[in-house]
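Laboratory data are not the source of any read-out in this text; all were calculated from the coordinates shown. Worth saying up front: this structure is predicted, and the values here are computed from it rather than measured. Cβ placement follows ideal geometry from the backbone for every residue including glycine, while neighbour counts extend to all protein chains displayed.
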Amino acid sequence: MNRSDLIARLSELQPQLPVKDAEFGAKLIIDALSNALSKGGRVELRGFGSFSLNYRPSRSGRNPKNGAQVHVAAKYVPHFKAGKLLRERVSESK
């Protein structure tokens with residue numbers, strides 16, 4: 001499911017909610033999540049999971065085109081950990 005599918009599904013499930021409002025709500029939630037992570041915070045959605053940042057130290061890598069060794073700088077990357085309820089629902093459906 002991508003962003004436009006999510007917006008369409010929200011509008012479908014809530015007929016009183018116009019597509020424009022569903023789009024605005026989805027954008028607002030995604031922006032709030034992005035802003036919290038960019039400030040180094042953690043976002044937890046009970047029953048769904050949590051978003052946090054993982055630190056990756058600098059390392060040596062290889063350019064796949066020519067095999068030359070390159071330096072990859074240290075960075076923070078977003079990380080998602082599924083909540084217990086989500087894990088249970090997924091394992092039940094499989």
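So if I take the alpha carbon set of the chain, get Rg, then get Rh from the Kirkwood formula, what is the Rg over Rh ratio? Expressed as Rg/Rh, it is 1.13.
Using only alpha-carbon positions, what ratio does the radius of gyration of the range 42-94 give when scaled by 2.2 N^0.38 Å?
Numbers: Rg = 17.4 Å, N = 53, 2.2 N^0.38 = 9.9 Å.
Working it through for the range 42-94, the quotient is 1.75.
Computed from label points 7 Å out along Cα-Cβ, the spacing between LYS39 and SER60 is 4.1 nm.
List every DSSP H helix in the chain whose Cα atoms extend 27 Å or more along the helix's own long axis and whose mean Kyte-Doolittle hydropathy is at least -0.5.
Numbers: long enough: 19-38 (28 Å, 0.54).
Qualifying helices: 19-38.
In plain terms, the chain from LYS94 to LEU13 could stretch by 26.7 nm, reckoned as 0.36 nm per residue minus the Cα-Cα distance. Among the listed pairs LYS20/LYS94; LYS39/LYS65; LYS27/LYS84, which have their C-alpha atoms separated by more than 29 angstrom in this model? Violating the 29 Å Cα-Cα cut-off are LYS20/LYS94; LYS39/LYS65.
For an R0 of 22 angstrom, estimate the FRET efficiency from the Cβ-Cβ distance between LYS20 and PHE80 and round to the nearest 0.05. Walk me through the numbers before you get to the answer.
Numbers: r = 28 Å, r/R0 = 1.29.
With a Förster radius of 22 Å, E is 0.20.
Computed over the range 42-94, relative contact order equals 39 percent, with contacts defined as Cα pairs under 8 Å that lie 6+ residues apart. Taking other C-beta atoms within 10 Å as the exposure proxy, ASP5, ASP21 rank ASP5, ASP21 from fewest upward.
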